[in-house]
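Worksheet for the structure shown next.
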Amino acid sequence: VKLKLAGASADRTFMRRPVLLTLALLCLLALAPSAQATTAGVNVAGIPTPGDLDQAASTGARYVRVFAVRSYFDNGGGNLKASPVNDFRNIVDAATARGMRTVFVLTGAPDGSNTPPTPGDFAAFAHNFAAAMPAGGVAAYEVWNEEDETQFWGATPNPAQYAAILKAAYPAIKSADPQAKVLLGPLTGNNYGFLSALYDNGAQGSFD
């Protein structure tokens, strides 16, 4: 089953009025290793308001996927601005209060572009962001979004470059929030060639 986790316009609309897009998350986040289930969730194109989270919860969703675009938090160097961090902590708390877990998509460069970062630079941001969220409150962190697509990668897709970022981000996130899952950024369509190239470049073991 192919369940797509990303809307093509998500990074274009993160600062606009949020719109909820119903989707299904093929999710093993809280299930036994032998279990398989399709868990209802919603993708929020933007920064969700309490009303958006009410709407999400009314669908029966158990997960809400939110883009944490780096330029909103970080002007460079991985150091985060207090105000937007608090906004996103509140999103986690509000989602939890409505019976949902949060999945954050960590993406973007400090200048607001999709320019691919260096592994160490992105890992510093990912660690600091995860450390600033409520302990155990985030279900998972996705490392980038559709990194096999130029529109979202900001350059020609490069499996070796993405694998290096993923390998740096995985331990950085885990050290900040050991309970959270780290997810491979969702791919565009059934891009088995790109996925195979990630394994060829050592990505195995660097995502859950």
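Does at least one position in the stretch 78-85 carry a residue that is over 24 Å from Phe207 (Cβ atoms) and among the hydroxyl-bearing types (Ser, Thr, Tyr)? Within the stretch 78-85, one or more residues are over 24 Å from Phe207 (Cβ atoms) and among the hydroxyl-bearing types (Ser, Thr, Tyr).
Take the residues in the stretch 40-56 that are open to solvent by 30 Å² or more (accessible area, probe 1.4 Å) and more than 18 Å from Arg89 (Cα to Cα); name whichever of them is modelled with the lowest pLDDT. This residue is Ala40.
Here the stretch 169-194 is the region considered, the condition is being hydrophobic (A, V, I, L, M, F, W, C) and closer than 22 Å to Gly137 by Cα, and the residue that is surrounded by the most Cβ atoms within 10 Å (Cβ to Cβ) is Ala169.
Arg12 meets the conditions (1) at pLDDT below 50; (2) open to solvent by less than 80 Å² (accessible area, probe 1.4 Å); (3) touching a strand residue (DSSP E or B) at 6+ places or on another chain (Cβ under 9 Å) in every case but one. The failed one is (2).
It is to be established whether one or more residues within the stretch 112-135 are of a type in the set (D, E, K, R) and in a loop (DSSP other than H, G, I, E, B). There is no residue in the stretch 112-135 that is of a type in the set (D, E, K, R) and in a loop (DSSP other than H, G, I, E, B). The set of residues in the stretch 65-102 being free of Cβ contacts under 8 Å to residues at least 40 places away in the same chain and either in a helix (DSSP H, G or I) or open to solvent by 10 Å² or more (accessible area, probe 1.4 Å) (or both) consists of Asn75, Gly76, Lys81, Ala82, Ser83, Pro84, Asn86, Asn90, Ala97. Among the residues of the stretch 158-174, some residue qualifies, meaning at least one is outside any loop (DSSP other than H, G, I, E, B) and under 16 Å from Val92 (Cβ atoms).
If you check Gly136, Gly154 for being surrounded by fewer than 20 Cβ atoms within 10 Å (Cβ to Cβ), over 18 Å from Leu184 (Cα atoms) and either free of Cβ contacts under 8 Å to residues at least 60 places away in the same chain or over 14 Å from the mean Cα position of the chain (by Cα) (or both), only one passes: Gly136. Residue count for the stretch 157-168, restricted to those that are open to solvent by 40 Å² or more (accessible area, probe 1.4 Å) and either closer than 15 Å to Asp121 by Cβ or modelled with pLDDT under 95 (or both): 2.
The values are calculated or read from the model by the stated rules, or taken from the named source; none is laboratory data. Since the model is a prediction, treat every value here as computed from it, not as a measurement. Because the Cβ atoms are built from the backbone with ideal geometry, glycine has one as well, and the counts that use them run over all protein chains shown. Calculation scope for accessible area: heavy atoms of the full protein, side chains included, ligands and nucleic acids excluded. Shrake-Rupley method; radii C 1.70, N 1.55, O 1.52, S 1.80 Å.
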